[in-house]
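Colleague: Following this message is one structure expressed as structure tokens.
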Amino acid sequence: MGNMDPKALRMRVENISTIPTIPSVLKQLSTIIENPKVSLNEISHFVSQDPALTTKILQMVNSALYGFPGRISSVNHAVMLLGLNVVKGLLLSVSVFEIMHKAMIGLREHSIGVAIVSREIARKKGLKEPEEVFVAGLLHDVGKVILTLAWPEEYDRTVREAESAGIAIFDAERNRFSETHAAVAGWLSEKWHFPKKLCECIANHHRPQTSALAPFETAMVHTADVIVKARGIGYSGDRLVPDVSARAWETLALSEADLREILKELEDSVEQATEEFRA
Amino acid sequence: MPKIPVEQLKPGMKLARPLENSSGMVLMAEGTELTEARISKIENMGIDSVFIDGPSRPARPKEELLSELEARFRKAGNSPPMAAIKKAVREHIEAMYG
């Protein structure tokens, strides 16, 4: 199979709800969050109709990944603490987590790792909204899930191709689909009306130097991805550490001590999170 | 932090996470130092294992982890940032073995 037409690719991805292999919860959620005026009540209502989803989102915000004192017992409460955008992102993450696990074993651990490291870098750099970078980390590879669901056989071949040729998964994707998972996730995050900064982090995590609106946050997710791959936590389509962008690295200026602490946090949190999300 | 089965707990160990009952009430705070009395209390609560402060020792030998690290970096460039990341991860792995 040769290159796919990029326009056709984008059209299919943006019409995610017409793809038969996309699970219904993801389709419904997509329809709800693509409305830019969606209210807290609508989100709460949607979630409360799905007990499994309610449980998952509360499990997530009450997990050790967040460390809030006391219990968060309702979706409304979570939104008050984390903000609507973060909750939208978390809802999406928990609904793709299971699919993620089936689509590519290890992608969930990789994504949690990148979320943790992104947030840790954000905290070290004094970013005001570290939770938004956390969500960007959780969702940065959601494009791989979408590609697997929409083109299962082709994507499977792409992964095997990357493996046998010893190339990065995003190069193999470009060869086959003419675009990468980052672009795919970027289109969807725009469609879902994520904040512009969040969209940029997700769409540009392999080329942070092109980020115009959020160079700082994109550098964080990009660098987090490299660090998690360097530590070898989870699996994301290849077993190679990509080069970190020189400019992103300079922007963040992480010290040796920063790196040491980040790796420690990564190790501790992933261990705990894997335990909590084992189900 | 390692998750230690209750029967292997020893006085002097510290809780790495708060101990909560099923409704989320904190029974012992994070950082609590275990005593014989506290250990038997944990046993009586029917808890199987708890998180304890300190690094977990990986199940696989160090040499294996380090050679996988080399393999992951085989296509990476020799830039100072990549060298710094690799060095940090190598030291991190070595530290896990104490």
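The values are calculated or read from the model by the stated rules, or taken from the named source; none is laboratory data. The shown structure was predicted, so the numbers you read here are calculated from the model rather than taken from an experiment. For neighbour counting, all protein chains shown are included, and Cβ atoms are generated from backbone atoms with ideal geometry for every residue, glycine included. Note: accessible area is taken over every heavy atom of the protein model, side chains too, but ligands, DNA and RNA are not part of it. Shrake-Rupley method; radii C 1.70, N 1.55, O 1.52, S 1.80 Å.
Colleague: Can you pull out every residue in region B:43-91 that is in a loop (DSSP other than H, G, I, E, B) and open to solvent by 80 Å² or more (accessible area, probe 1.4 Å)?
Modeller: Keep residues of region B:43-91 that are in a loop (DSSP other than H, G, I, E, B), which gives B:45-48, B:53-61, B:73-79.
Across region B:43-91, the qualifying residues are B:D48, B:D53, B:P55, B:R57, B:A59, B:R60, B:R74, B:K75, B:N78.
Colleague: Sort through A:Q28, A:Q59 and tell me the only one that's of a type outside the set (K, R), open to solvent by 70 Å² or more (accessible area, probe 1.4 Å), in a helix (DSSP H, G or I) and within 30 Å of A:D268 (Cβ to Cβ).
Modeller: Numbers: A:Q28 fails: within 30 Å of A:D268 (Cβ to Cβ).
Among A:Q28, A:Q59, only A:Q59 is of a type outside the set (K, R), open to solvent by 70 Å² or more (accessible area, probe 1.4 Å), in a helix (DSSP H, G or I) and within 30 Å of A:D268 (Cβ to Cβ).
Colleague: Here is a further query. Tell me, which residue of region A:212-258 that is within 18 Å of the chain's Cα centre (by Cα) and hydroxyl-bearing (S, T, Y) is nearest to A:A172 (Cα to Cα)?
Modeller: Applying the filter and picking the extreme gives A:S236.
Colleague: Out of A:E250, A:E190, A:E217, I need the residue that is away from chain B (no Cβ under 14 Å) and modelled with pLDDT of 95 or more. Which one?
Modeller: A:E217
Colleague: Test each condition in (1) touching a Gly at 6+ places or on another chain (Cβ under 9 Å); (2) among the acidic types (D, E); (3) under 21 Å from A:M100 (Cβ atoms) for A:D243 and report the one that comes out false.
Modeller: (3)
Colleague: Also, quick follow-up: The conditions are (1) within 14 Å of another protein chain (Cβ to nearest Cβ); (2) open to solvent by 40 Å² or more (accessible area, probe 1.4 Å); (3) over 20 Å from the mean Cα position of the chain (by Cα), and A:P51 fails exactly one of them. Which is it?
Modeller: The failed condition is (1).
Colleague: Any residue at all in region A:29-39 that is under 30 Å from A:I227 (Cβ atoms), modelled with pLDDT of 85 or more and in contact with a Leu (Cβ under 9 Å, 6 or more places away or on another chain)?
Modeller: No, there is no match, as no residue in region A:29-39 is under 30 Å from A:I227 (Cβ atoms), modelled with pLDDT of 85 or more and in contact with a Leu (Cβ under 9 Å, 6 or more places away or on another chain).
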